[in-house]
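The values are calculated or read from the model by the stated rules, or taken from the named source; none is laboratory data. Model, not experiment: these values are computed from the prediction. Neighbour counts run over all protein chains shown; Cβ positions are idealised from the backbone, glycine included. Side chains included, ligands, DNA and RNA excluded: accessible areas come from the protein's heavy atoms. Shrake-Rupley method; radii C 1.70, N 1.55, O 1.52, S 1.80 Å.
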Amino acid sequence: MSISIQTADFDAGRECADLLAGRHDVGAVASFIGVVRGDGGVAAMTLEHYPGMTEKSLAAIAAEARERWPAVAALRVIHRVGRLRVGDQIVFVGVAGGHRGEAFAACEFIMDYLKTRAPFWKKEETEAGVRWVEARDSDDAAAARW
């Protein structure tokens, strides 16, 4: 299990390859990459977090995924912070498991919980000015199904 909060970009292909490195018990890798969208006139987004608290929160989410899906052999979560432009990668979730079902489910669970339980604050820069992004009911509904 590996968790990173960073300003630097990441190479998703390399991250997936690292999940497989030296493993013979993995039959599937599921991954998710979140990207800054430019809809609604968004030009950039700044992500802030509370150091220390955020890492603990992400580690708890990852640990819960491993408890729910014991076939998960390895997982990696990267969440970027700082100012990101439209098209920049924000988040990577990669899960390696014995079978695709567990890998897909754990990856989706982690992402749903990141959206609702991880202490990140997002501020969008638009043509109309700057605005803080509020929680969405659809994200809460997605997390509630777990």
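Can Ala60 be described as in contact with a helix residue (DSSP H, G or I) (Cβ under 9 Å, 6 or more places away or on another chain), open to solvent by 40 Å² or more (accessible area, probe 1.4 Å), aliphatic (A, V, I, L, M) and part of a helix (DSSP H, G or I)? Yes, satisfied.
Selection within segment 26-54: residues that are open to solvent by less than 70 Å² (accessible area, probe 1.4 Å) and in a helix (DSSP H, G or I). The member of this set that is modelled with the highest pLDDT is Thr54. Considering Arg23, Arg76, Arg14, Arg66, the condition of being free of Cβ contacts under 8 Å to residues at least 40 places away in the same chain, open to solvent by 20 Å² or more (accessible area, probe 1.4 Å) and farther than 30 Å from Ala128 by Cα is satisfied by Arg14 alone.
Given the condition in a helix (DSSP H, G or I) and within 17 Å of the chain's Cα centre (by Cα), answer yes or no: does some residue in segment 116-123 qualify?
So the first thing to find is which residues in segment 116-123 are in a helix (DSSP H, G or I), and the list is 116-117.
Next, from what is left, pick out any that are within 17 Å of the chain's Cα centre (by Cα): 116-117.
For segment 116-123, residues in a helix (DSSP H, G or I) and within 17 Å of the chain's Cα centre (by Cα): present.
Of all the numbered requirements in (1) open to solvent by less than 50 Å² (accessible area, probe 1.4 Å); (2) among the aromatic types (Phe, Trp, Tyr); (3) part of a strand (DSSP E or B), Phe109 misses one, and that requirement is (3). Every condition in (1) open to solvent by 30 Å² or more (accessible area, probe 1.4 Å); (2) modelled with pLDDT of 95 or more; (3) not hydroxyl-bearing (Ser, Thr, Tyr) is met by Ala103 except one, and the failing one is (1). Looking across Arg131, Arg83, one residue alone is open to solvent by 20 Å² or more (accessible area, probe 1.4 Å), part of a strand (DSSP E or B) and free of Cβ contacts under 8 Å to residues at least 12 places away in the same chain. It is Arg131.
Residues checked against (1) within 23 Å of Val42 (Cα to Cα); (2) of a type in the set (S, T, N, Q):
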| residue | (1), (2) |
| --- | --- |
| Ser57 | no, yes |
| Glu64 | no, no |
| Glu67 | no, no |
| Gly87 | yes, no |
| Ile90 | yes, no |
| Val95 | no, no |
